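Step one of this worksheet: look at the structure below.
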Amino acid sequence: MSTTWSSLNIAFIGAGSMAEAVIRGLIDQGGMRPEQIFVTNRSNAIRLQELEQAYGIRQSLQREDKERAIREADVVVIAFKPKDAVEGVRSLQGMLEERQLLVSVIAGLSIETMSGLLGNRAIPVARTMPNTSSTIGLGATGLSFSSAVTEEQRGIAEQMFRSTGIVSVVQEPLLDVITGLSGSGPAYIYYMMEAMIEGGVQGGLDRDEARRLTVQTVLGAARMVETTGEDPSDLRRKVTSPNGTTQAALELLAGRGFPEAVTQAVLRSASRAAEIGSALGESAAAPDKKD
């Protein structure tokens with residue numbers, strides 16, 4: 001494979017929010033032309049038309065168009081739901097060539113499982129774990145590669161996901177930890193924000209004002225860590241005066257097990273990702289019902 005970014009052809013199978021996030025990033029931040037991108041899904045023509053109108057990309061539900069686009073693509077991105085993963089990857093077995101890069105954004109679907117579903121051919125595979133903040137260009141994506149991936153293909157995959165935020169290249173087993181940390185992580189922050197807003201309301205603030213203050217507080221805290229480069233623990237100590245209001249609040253959180261609960265939440269999400277991966281592997285190993 002020797003393809004420049006400006007001549008790359010990418011086919012997306014699946015047209016959900018994560019696929020759209022990557023498509024938007026490729027066009028808005030990556031400098032890719034809409035005609036370089038094709039998208040399809042199982043049966044939702046309205047969704048495909050929405051993406052075509054929003055980004056000018058190519059789309060089709062016709063089987064012939066789908067197969068042609070997949071065969072001609074330099075990169076094929078699979079972004080369908082986990083429940084459709086086994087059937088979906090297996091259906092690509094006769095269409096993909098070893099020159100193409102297969103990029104998966106399907107949670108839990110291992111490189112080994114994908115390889116098996118593709119007939120154990122040496123198809124280069126990039127397994128990714130993006131998060132929902134990718135939809136606004138502030139994503140965090142974990143990336144792992146199969147041994148068949150070339151340096152050029154690694155660069156393409158990294159460039160694709162840098163267009164939606166930051167990228168962390170890790171060994172595949174660590175993708176489960178990235179799932180627990182940044183994949184599920186936005187939900188932890190939203191959960192805390194809900195509680196902060198409720199605290200403001202119970203203290204007498206209007207809900208809209210409590211929400212506005214909470215959003216700005218979270219934005220400011222994240223930006224402080226980013227811009228100062230300081231460790232969060234150091235910044236926390238700097239704003240915690242002895243016997244002050246912040247100390248009183250932090251002592252209550254510590255007493256209720258807040259730090260340990262968050263740490264264990266990350267690890268539980270990671271273990272659940274591993275469980276999902278095992279289940280997908282077992283499903284893939286089962287005989288194909290169509291056989």
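Bear in mind these aren't lab numbers, they're just calculated from the coordinates by the rules spelled out. Being a predicted model, the structure only gives us computed values, none of them experimental. Cβ sites come from the backbone with ideal geometry, for glycine too, and all protein chains shown count toward neighbours.
Rounded to the nearest 500, the 222 nm mean residue ellipticity of the chain from helices alone is -16000 deg cm²/dmol, with -39,500 (n - 2.57) taken per DSSP H run of at least 4 residues.
Entry note, the stretch 87-203: relative contact order of 22 percent, from Cα contacts under 8 Å with a spacing of 6+ residues. Can you give me the Kirkwood hydrodynamic radius for the stretch 191-239, using every pair of distinct Cα atoms, in Å to one decimal? Final number for the Kirkwood radius of the stretch 191-239 is 11.7 Å. Computed over neighbours whose Cβ is under 14 Å from that of residue 236, the net charge equals -2, Lys and Arg +1, Asp and Glu -1.
Using the crude model of +1 on Lys and Arg Cβ and -1 on Asp and Glu Cβ, and no other charge, please compute the dipole size for the chain relative to its Cα centre, in debye to 20.
Using Cβ point charges on Lys, Arg, Asp and Glu, the chain gives about 260 debye.
Taken as Cα centroids, the stretch 1-51 and the stretch 155-190 sit 19 Å apart, rounded to the nearest whole angstrom. Residues whose amide H lies under 5 Å from that of residue 39, counting only those 5 or more places away or on a different chain, are 12, 58, 59, 60; hydrogens are built 1.01 Å from N in the peptide plane.
Here the stretch 5-172 has an Rg and Dmax of 14.3, 38 Å, counting Cα atoms alone. Name the shape class, rounded, prolate or oblate, that the alpha-carbon gyration tensor gives for the chain, where a ≥ b ≥ c are the square roots of its eigenvalues, rounded holds for a/c under 1.5, and otherwise prolate holds if a/b is larger than b/c and oblate otherwise. Verdict is prolate for the chain.
Going from the fewest other Cβ atoms within 10 Å to the most, the residues 156, 189 appear in the order 189, 156. Its relative contact order, with pairs defined as Cα atoms under 8 Å and 6+ residues apart, puts the chain at 17 percent. Across the options 249, 48, 76, the greatest Cα extent toward the positive end of the charge dipole of the chain (unit charges at beta carbon of Lys, Arg, Asp, Glu) belongs to 48. Applied to the stretch 234-239, the Karplus parametrisation 6.51 cos²θ - 1.76 cosθ + 1.60 on θ = phi - 60° returns per-residue 3J(HN,Hα) values of 5, 5, 4, 5, 5, 9 Hz, with x for Gly and Pro.
Residues in the stretch 84-108, backbone N under 18 Å from the label point at residue 60 (7 Å along the Cα-to-beta-carbon vector): list them, ranges by number please. So the set is 92, 95-96. Here is the list for the stretch 37-132: GluC sites (Glu not before Pro) lying in DSSP coil, each with at most 16 other C-beta atoms within 10 angstrom of its C-beta, are 97, 98. With contacts taken as Cα pairs under 8 Å at a separation of at least 6 residues, the stretch 183-274 carries a relative contact order of 23 percent. Taken over the chain, lysine pairs spaced eight or more positions apart, or on distinct chains, with alpha carbons under 30 Å apart number 8. When each of the peptides 215-222, 237-244 is scored by the mean number of other C-beta atoms lying within 10 Å of its residues, the order from highest to lowest reads 215-222, 237-244.
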